[in-house]
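> The structure under discussion is supplied below as structure tokens; questions concerning it will follow.
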Amino acid sequence: MARLVDSTDAGGVTTTYEIDEDGNVLVKRSQVLAEHFAANRQAYNAFSLSDRARDIWRMASIPAVIVEKWLNEDGINVFRKSDAERVRRKLNDPEWRWLRTAPGKL
């Protein structure tokens, strides 16, 4: 049974620090994503072709815990230009469609 040491909340991301029976420190991060996904869905549904007339438009919104998950599990750093193609593939994958804020392919 892990023992809770501390818990912090910054920017909607809750970080919990625990110590397990062997003395290992466990760091867990969580974020409530329902509102984020609802906002993404609303932006997606409100997108119009006139939005494409602008030079830049938002195609996705990625929550902090997903950014961290991709970095830890797949080695994808969304802030590194050399990983842009891998991020594009993730965002075009139907599994991650709830991150999209506009239709179309990246």
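> Assuming ARG29 fulfils every condition listed in (1) in contact with a Leu (Cβ under 7 Å, 6 or more places away or on another chain); (2) of a type in the set (D, E, K, R); (3) at pLDDT below 90; (4) surrounded by 13 or more Cβ atoms within 10 Å (Cβ to Cβ) apart from one, which condition is it?
Against the list (1) in contact with a Leu (Cβ under 7 Å, 6 or more places away or on another chain); (2) of a type in the set (D, E, K, R); (3) at pLDDT below 90; (4) surrounded by 13 or more Cβ atoms within 10 Å (Cβ to Cβ), ARG29 comes up short only on (1).
> Within the stretch 1-20, restricting attention to residues that are in a loop (DSSP other than H, G, I, E, B) and within 25 Å of LEU33 (Cα to Cα), which residue is modelled with the highest pLDDT?
Filtering first and then ranking leaves GLY12.
> Return yes or no: is TYR44 outside the structural domain of LEU106 (by TED's automatic domain parsing) and of a type in the set (Phe, Trp, Tyr)?
no
> Does the stretch 69-90 contain at least one residue that is charged (D, E, K, R) and touching a residue at least 40 places away in the same chain (Cβ under 8 Å)?
No; the residues of the stretch 69-90 include none that is charged (D, E, K, R) and touching a residue at least 40 places away in the same chain (Cβ under 8 Å).
> Would you point out which residue out of VAL78, VAL87, VAL65 is hydrophobic (A, V, I, L, M, F, W, C), at pLDDT 95 or above, closer than 25 Å to THR16 by Cα and in the same structural domain as ALA38 (by TED's automatic domain parsing)?
VAL78
> Separate question: Name every residue in the stretch 32-47 that is surrounded by 11 or more Cβ atoms within 10 Å (Cβ to Cβ) and small (Gly, Ala, Ser), in order of residue number.
Residues satisfying the conditions are ALA38, ALA39, ALA43.
The values are calculated or read from the model by the stated rules, or taken from the named source; none is laboratory data. Only a predicted model underlies this, so the values are computations on that prediction, with no experimental measurement involved. Because the Cβ atoms are built from the backbone with ideal geometry, glycine has one as well, and the counts that use them run over all protein chains shown.
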